[in-house]
C-alpha cells in the first residue's frame, strides 16, 4: 500500500474526493433506509387499525404478517400463527396451495369462499389477493384481504325466502282469480238456464213456493 508521503498531491486529492463520494452515498443510503423504516412503521400502523382482515404470506404460503382484524376474525393470537401456513384459515378439504409459477402469473384474484375459525366454526368470506413484487418485478409474496360476510349471506337468504313466499302468494292469487272468473261464468250459465219468461234470472221464483199455503197467507 502506498504511503501518503509517496503519493502526489493530485492522487491525495483524488482519493479524498472518492472518500467524500462514498461518505455521501453512505449517508444517502442511511437516509433512504431510515425513510423506508419510517414508511414501513407508518404502513403497519395503518394496516393494524383497518377493520378488514389482512394476511401477508411468502411464495411458500408461510404467514409473514396478520393484522389484528384478521386475528379477531379467525380467533387466533399472533403466537399461535407462528410458522403456520395461510391455508390454516381454510377448511382442510378446500385448501389448494398455489405454486410459485401460479403466483407469478396471478393477477388480482377475487372470490367468495369458506374460512374456518380456530374453534372449527366455518363461515363465508370475501377474499381478494394480490401479488407482492420486488423492484425487479419478481414476485416475493401474496397479500390477501378477508371480509366476514356472514351477515350479508344471512340477509341474502332472508331476501330469497321472502321472494319465494311472494312468488307462492302471487301464484295462489292468480290461481284464485282464475277460479273466480270460472265460477262467475258458471253462475252466469246457471242463471241463464233458470231464467223466467221475464228474462231476469234474479227474479226467478221456485214454483213450489207459489203453491205453499204458508206463502199465500203472507
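The numbers here are math on the coordinates, done by the rules we state, and not lab data. All figures in this text were calculated on a predicted structure; none of them were measured in a lab. Positions of Cβ are generated from backbone atoms using ideal geometry, with glycine treated the same way; all protein chains shown enter the neighbour counts.
Summary table below
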{"item": "Cα→Cβ-extended label distance, 7 Å offset, between residue 46 and residue 118, nm", "result": "2.9 nm"}
{"item": "FRET efficiency for residue 138 and residue 8, using Cβ-Cβ distance with R0 set to 45 Å, rounded to 0.05", "result": "0.45"}
{"item": "Chain lengthening between residue 152 and residue 185 when straightened (0.36 nm per residue, less Cα-Cα)", "result": "7.0 nm"}
{"item": "C-alpha center-to-center spacing [the stretch 117-132, the stretch 66-80] in angstrom", "result": "12 Å"}
{"item": "Length released on extending from residue 178 to residue 15, taking residue separation times 0.36 nm less the Cα-Cα span", "result": "48.3 nm"}
{"item": "Cα gyration tensor shape for the stretch 51-148, rounded if a/c is under 1.5, else prolate or oblate", "result": "prolate"}
